[in-house]
1. Quick one: net charge around Lys428, please, counting Lys, Arg +1 and Asp, Glu -1 for every other residue with C-beta under 12 Å from its C-beta.
2. Using only C-alpha atoms and all pairs of different ones, pull out the Kirkwood radius for the chain in Å with one decimal.
3. As I understand it, the value is the acute angle between the Cα axis of helix 435-445 and the longest principal axis of the Cα atoms of the chain; what does it come to in degrees, rounded to 10?
4. Give the long-range amide H neighbours of Gln375: residues separated by 5 or more places, or on another chain, with amide H under 5 Å away, using H modelled in the peptide plane at 1.01 Å from N.
5. For the range 134-143, in order, what is each residue's ³J(HN,Hα) by Karplus, 6.51 cos²θ - 1.76 cosθ + 1.60 with θ = phi - 60°, in whole Hz (x at glycine and Pro)?
6. How much solvent-accessible surface does His371 expose, in Å² to the nearest 10, with a 1.4 Å probe and all protein chains in place?
7. Taking amide hydrogens as modeled 1.01 Å from N in the peptide plane, which residues meet the under 5 Å criterion relative to Asp121, leaving out close sequence neighbours?
8. My understanding is that a pair violates if its Cα-Cα distance is over 24 Å; which of Lys165/Lys290; Lys170/Lys428; Lys97/Lys224; Lys209/Lys462; Lys337/Lys474 do that in this structure?
Amino acid sequence: MAYQARIFYVVPMILTFLCMSSGCLNKKNQSLHLDLDQAVKLENVVPVAIIGSGPSGLSAALYVARAGMKAFVFAGPTPCGQLTQTTFIENWPGREKVLGIDLMNDIKHQAESFGACIISDSIISADFSTWPFSLKTEEGREFKALSVILATGAHPKVLSVPGEKKFWGKGVTTCAVCDAPFFIGKEVIVVGGGDSAAEQIFELAPYVKKVTMLVRGDSMRAAKLMQQRVLAYDNVQVEYNKQVRGIYGDDTGVKTIEIYDAKTEEVSTRSIDGVFLAIGHTPNTQLFKKDLKLDELGYLMMQGRSQQTSMPGIFAAGEIQDKTYRQAAVAAGEGIKAALDATSFLYELGYNAKIGQALEDNFFETFSDEHIELQEINRLTEFNKYVIDQPGLVVVDFYSKICPGCIRMLPSLESLAHHLKNKINIVKCNVNNSIEILKELQWNRGLQVKSVPAIFIFKDGKFIARTNEILSKKELFTFVNQYLQD
Ligand code: NDP
């Protein structure tokens, strides 16, 4: 078995090596020319670009950095990945019980301690048809990479039914961890019957009056133990063969849903306060599908037991290429394999420390983040001092520590605070320990924080705008800028 496994791993590596030693990379019908001496003369060429910062991306960064190569991680739209959306993780070897966000921060700090550079920016275009490979970011960085590790994971699926978009953030969400505290005493549904749906139930049950799990088939897909835990709650009900057909409401949020019963073929309407979706994930391969081979479900195809994609020099790890195991520890292991494959690829090309230094001497892009840490306000006196009594524009970031959208937006807000440091003030307010502020907003100003992240803008102490959307850095800059120019 071990022998067979090794053949699977070694054959593609030998083929890659033979091709590389003849100075070409085969991509579908094209050949790419590899010339490290020429590449070193170009500007802004990084040895390894890692796209994505979940367990696979950060583990890859740790290993690349420890190999003495510069690892540039583009954190992407969900910094530190999907684990930031869960609460406790109990199946990470060596950690009995650890908060997802804490685990990810530990891996991030470990990678940074060996020199990995983690940049809060997202890759928006990738061209793998010429070498070094070309990448562009949302913030306008343009650079090339000798090798790339794709670790962009997967994003939650949505139902695509009427009302889902309209009520997003107003009762429709994929994040129970973030929004469960806003549904105290309410009735909600969870759509899906997998482990993620079960986890949403565990999050919601302590807060809500009743939570109903709507499973589209006649059985749950979640692990048996998870199913038992779901059924053990008094305020949890599971209904099978039920599909949500539409979501309806008013300005205050979701009010009703339309449900189709696949057994009776009847459609009914039900009053509900919140809809939590947990119906699986789609791999984030959109940017790469023109250059790389995907399987029928859109996952990247790997070469044998390596982490190499269909293109030499491009490696991948985690959920972008794994539809079977989908476990954080597996993703981390694949990230390590991808790093070892990428460093071998570079060594075989002739990469060494001298070349690394020559590349660095030609960096004219800024591969760093300038930011200002936001002031935290929790008490009403602080709210009055830093928001109401402040002249000019003040942005308040209402967040919770384990809300992925909030975690995603924080670096953008900190960067905005740096770029506009003489023009605006930005403060952050943790909704879990700022009851005084939330009550003041609701009772005296008619402003309710119903889900996080919530960004409020005040001008000369008066509320002027808000958004509950998870904005990219560019979108956030545009959103705030329009009030600066007023
Ligand atoms: P899964 O793919 O396992 O489950 C998705 C669920 O959503 C299924 O019940 C599926 O129904 C249902 N579904 C899919 N599309 C629709 C739709 N359009 N309408 C209604 N229902 C729909 O995804 P998960 O995100 O739950 O889990 C992904 C992976 O992550 C799994 O391997 C899981 O084990 C793992 N995981 C592990 C956790 C843990 O160990 N603590 C926690 C969370 C996830 P059907 O069965 O009919 O297809």
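The values are calculated or read from the model by the stated rules, or taken from the named source; none is laboratory data. Small disclaimer: the values here were computed from a predicted structure and weren't measured. As a convention, Cβ positions derive from the backbone with ideal geometry for all residues, glycine included, and neighbour counts pool all protein chains shown. Quick note on the areas: whole protein, heavy atoms, side chains included, nothing else; ligands and nucleic acids left out. Shrake-Rupley method; radii C 1.70, N 1.55, O 1.52, S 1.80 Å.
1. -4
2. Here the Kirkwood hydrodynamic radius works out to 24.3 Å.
3. 60 degrees
4. Lys428
5. Values per residue, Gly and Pro as x: 9, 9, 10, 10, 4, 7, x, 5, 10, 7 Hz.
6. Taking all protein chains as shown, His371 has close to 100 Å².
7. Ala75, Gly76
8. Lys165/Lys290; Lys209/Lys462; Lys337/Lys474
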